[in-house]
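To start, the structure itself, in structure tokens.
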Amino acid sequence: MYQVRNNGGIFFTLLLPFPTLCYYMRMIQFEEVSKRYGKSFYALRDVTFHIAEEEFVFITGPSGSGKTTILKLLIAEEKPTKGRVTFYSLNVHNLRRSDIPRYRQKLGVVFQDYRLIPDKTVRENISFVMEMLGAKDSEINENVRNVLNIVRLKGKEKRYPHQLSGGEQQRLAIARAIVNEPDILLVDEPTASLDKENSELVLDILKKIHELGTTVLLFTHEHIKLPHTRVIKVDNGSITHDSHSHKQ
């Protein structure tokens, strides 16, 4: 639970996570969102979609299609030129700068370049986020142990990132993103630099995380098929295909 300000600067209380009323409860909404850079280049143009709780969604498209802009809007790194991005009832881009870190605590993000801390061990990379938030040692130990099992890095807690393979580094980045139990996991190009075996392992781990109740958005230029998932295709800043719609 935390407070954010509405357009008038008045505090109101936002409860996160909300109770799950039904599978189709909307978590994320893009409403006629456009993002223009400079005077005429549109990275996104009139994009509308929503993501329900506990979905597994692939956002696919070639380089420069607008996928990364969607990710940046979700994490409040960019603001739309037009339209609204909401997380439950919260207009993400009405947040003051000082409120953004608390909003981002509800998101787990795995960047394409991993962004691991090179001078910290596997365990320290994972626990760092919870330590910064002031979590109790017992909670940190339990969560770290759990995510190490999920990403199959148990026994490698004392290794440093440079001592890990590319696949292991990717899994470490996933572990760090989920250790604080986010509502949604955003993963940018998780298999782009991996061989087939490691790609399949990473996808298996993401499926497991989804099965445990976390909404997953996977951004990729690759054509990946998984059962019981949704695919949103983006090209030239517009949605060209959405594999299914939802009950309202």
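If R0 is 30 Å, the Cβ-Cβ spacing of residue 208 and residue 40 corresponds to a FRET efficiency of close to 0.10.
Along the Cα-to-C-beta direction of residue 160, a point sits 7 Å from the Cα; which residues of segment 111-131 have their amide N less than 16 Å from that point? From segment 111-131, the list is 116-126. Note on the chain: with charges restricted to the Cβ of Lys and Arg (+1) and Asp and Glu (-1), its dipole about the Cα centre is near 540 debye. Computed about its Cα centre, the charge dipole of segment 31-129 is approximately 480 debye, with only Lys, Arg, Asp and Glu carrying charge at their Cβ. Which of rounded, prolate, oblate describes segment 150-192, given a ≥ b ≥ c as roots of the alpha-carbon gyration tensor eigenvalues and a/c under 1.5 marking rounded, otherwise prolate only if a/b is larger than b/c? Verdict is oblate for segment 150-192. For residue 55, the residues whose amide H sits under 5 Å from its own are 216, ignoring neighbours fewer than 5 places away on the same chain, with H placed 1.01 Å from N.
Going through the cross-link list 106/225; 35/158; 79/233; 39/106; 67/208, which pairs have a Cα-Cα distance over 32 Å in this structure? Violating the 32 Å limit, Cα to Cα: 35/158; 39/106. In order along segment 140-155, the phi-based Karplus estimate (6.51 cos²θ - 1.76 cosθ + 1.60, θ = phi - 60°) of 3J(HN,Hα) comes to 4, 4, 5, 5, 4, 4, 5, 6, 4, 5, 4, 8, 6, 10, 4, x Hz; Gly and Pro are listed as x. Considering only 142, 181, 55, the Gaussian network model of the chain with Cα springs below 10 Å gives its largest mean-square fluctuation to 142. Using the average count of surrounding beta-carbon atoms within 10 Å as a protection proxy, the listed peptides 63-69, 185-191 rank, highest first, as 185-191, 63-69.
Under the rule of -39500 (n - 2.57) per DSSP H run of 4 or more residues, summed and divided by the residues of the chain, what mean residue ellipticity at 222 nm is obtained, to the nearest 500 deg cm²/dmol?
Result for the chain: -8000 deg cm²/dmol, rounded to the nearest 500.
Taken over the chain, the convex hull of the Cα atoms encloses 142 Å³ per residue. Only Cα pairs under 8 Å and 6+ residues apart enter the sum, and on that basis the relative contact order of the chain stands at 26 percent. Within segment 71-127, the trypsin sites (Lys or Arg not before Pro) that combine a DSSP coil assignment with at most 14 other C-beta atoms in a 10 angstrom radius are 96, 115, 120. The 3J(HN,Hα) values that the Karplus relation (6.51, -1.76, 1.60; θ = phi - 60°) gives for segment 124-132 are, in residue order, 5, 4, 6, 6, 4, 4, 5, 4, 5 Hz. Gly and Pro appear as x.
If you fit an axis through the alpha-carbon atoms of helix 196-211 and take the longest principal axis of the Cα set of the chain, what angle between them do you get, 0 to 90°, nearest 10? Around 70 degrees separate the two axes.
Simple rule: put +1 on each Lys or Arg Cβ and -1 on each Asp or Glu Cβ in the chain, find the dipole, and look at 161, 178, 62; the Cα lying farthest toward the positive end is 62. Take every DSSP beta bridge whose two residues both sit in the chain; close to 55 percent of them are antiparallel.
Model label points for residue 244 and residue 222, set 7 angstrom from Cα along the Cα-to-Cβ axis, are 2.3 nm apart. Taking 28, 75, 117 as the candidate residues, the one with maximal mean-square fluctuation in a Gaussian network model of the chain, Cα springs under 10 Å, is 117.
Only the coordinates and a few stated rules stand behind these numbers; no lab work does. Everything quoted here is computed from the prediction, not taken from an experiment. Counting neighbours? That spans all protein chains shown, and the Cβs are built from the backbone with ideal geometry, glycine included.
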